[in-house]
Amino acid sequence: MASQGSSFTDGPVTLHFPDITRVAGETISGYVDLNVAQAQEDNVEQITVKFKGTIRCKITTGSGQSRREHLETLILFNEKLTLWERGTTFPPPGSHILPCSFQFTLPDTAPPSFHCEAYHRKATISYALEVVGRRPGLFRFNRNIRRPISVIPAASQAQLLVTESLRQGWSGRYRNWTNEEKLRQGIWGDYSHARVELKIPDLASYPIATAIPFSLHVETDTKPFPISDAPVDKHGKPLFPAPPAISSEVRLCLVRTTNLRVRRYSRQVNDTFDLKGSVGDATRVAAVHQATDEPEWIPALGPKDKKGLGTWRRAVHFESAVKIPYTPTTHAEIVDWQYYLRIIIPFPGIGNDLQLDVPLNLHSSSACPPPPVGVAGSSNTTYADVIPAGPPPPMLDLPPSYFTGEHHVWDGDEKN
């Protein structure tokens, strides 16, 4: 199948269909160009277009001869239109090309496109368009053009308002998340301390592909030392535990936990995604504002104070924003998933990394577009009319195999 931009060709059939993210409830449209003269030579009798949405989970149990695959497939919708049949419609005079348009409407409740996979478990929510040129007879294969589609839910009015507030610069409340750990460089000796604090907008959920501002504070206290001129050892190296010197030393990632259910079997898939363009990304340090406090000597209290002991306190502060281009949090009948924003502050030694996990619900950042002109309901006012128009729906960070069709359920695949 040849393709060029948003056009895809197989024999006498060419599909014109924009490769963009769709929103639940949206009326989508495209058209097929049929070269009728070539179709007659190619023995094409009929052109149909199919639109399908499925949820599919597979869990494998056992091994060897006792290996069993347990499959559950839910059909969200399965629509079919006949665009042309031989002898019924002809191209305009002087042309061999017959344009055939089509439209489908996504269900309002369509869950987002999704895929996860681990050993002996896999789940996919997929949407696809398929154009079929039927060629009856032995040893003749149909002409097929298959296009996977990325779909996200429609944001509610409240979610659109949150998205717009973040885009214009968040001025609402923030919420603090903190963690503190005792650290020890070796097996013996006194403990040092490290603390991390994250401040993010105080929201029940966060829009995908939208900059979420945050501030990150890391503070460390050394173990008790005799008073000195600076928090460095005799070799001039910073005393343990030194806070991160630059933002790329911090790791910022998104953790997703997915639950699969196939009849009496249930499994879990855990994925971790590094987030780009913020703290932790060495290629985009300019997107982070950093401030470092002057080291502070804190005399020890109690009996140890007589020995002139104390600790060095050091702190660093980062301000940035992060965009999360992953599928919104969803609970479907046989699959659901949740997210955590994970921050890791590495320190030398075994088990000394300081970690902070922040649960995040993600929601869509896009309104459902109004129907095309001429479609029933196109003149109605929708909730999106009260919100300033935002950017086009974002492309989800789905695996490449989703768009090659490897994980999609086409006609005849349900029993595979």
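Just so you know, all these numbers are worked out from the coordinates, no wet-lab data involved. Because the structure is a prediction, the values reported are computed rather than measured. With ideal geometry, Cβ positions are generated from the backbone for all residues, glycine too; neighbour counts draw on all protein chains shown.
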Would you mind getting me the FRET efficiency between Ile75 and His317? Use the beta-carbon distance for r and R0 = 35 Å, nearest 0.05.
0.10
If Ser401, Ser365, Ser63 are placed from fewest to most neighbouring beta carbons inside 10 Å, the sequence is Ser63, Ser401, Ser365
With the cut-off at 29 Å, tell me which of the pairs Lys223/Lys323; Lys52/Lys276; Lys52/Lys122; Lys122/Lys323; Lys122/Lys199; Lys122/Lys276 have Cα atoms farther apart than that.
Lys223/Lys323; Lys52/Lys276; Lys122/Lys199
Inter-part distance where the range 244-293 and the range 80-103 are each reduced to a Cα centre, Å
50
Separation of alpha-carbon centers, the range 149-210 and the range 305-345, rounded to whole Å:
7
Just to confirm the number: angle between the C-alpha axis of helix 157-168 and the first principal axis of the chain, 0 to 90 degrees, nearest 10?
60
Note on the chain: contact order normalised by length, alpha-carbon pairs under 8 Å, 6 or more apart, percent, works out to 18
Can you list residues from other chains, or at least 5 along the same chain, whose modelled amide H is less than 5 Å from the amide H of His70?
Ile59, Thr60, Thr61
Footprinting proxy, Trp170, Trp188: sorted fewest to most Cβ within 10 Å, the residues are Trp188, Trp170
Dimensionless Rg ratio for the range 1-58, taking C-alpha atoms and the 2.2 N^0.38 Å reference
1.40
Modelled label-to-label distance, Asp336 and Ser165, 7 Å Cα→beta-carbon offset: nm?
2.6
As a percent rounded to 5, the proportion of antiparallel DSSP bridges among beta bridges in the chain is 95
Quick one: which residues, 5+ away or cross-chain, put their amide H under 5 Å from the amide H of Val151? H built at 1.01 Å from N.
Arg22, Ser113
Could you check the spin-label model distance between Leu301 and Gln40? Points 7 Å from the Cα along Cα→Cβ, value in nm.
9.7
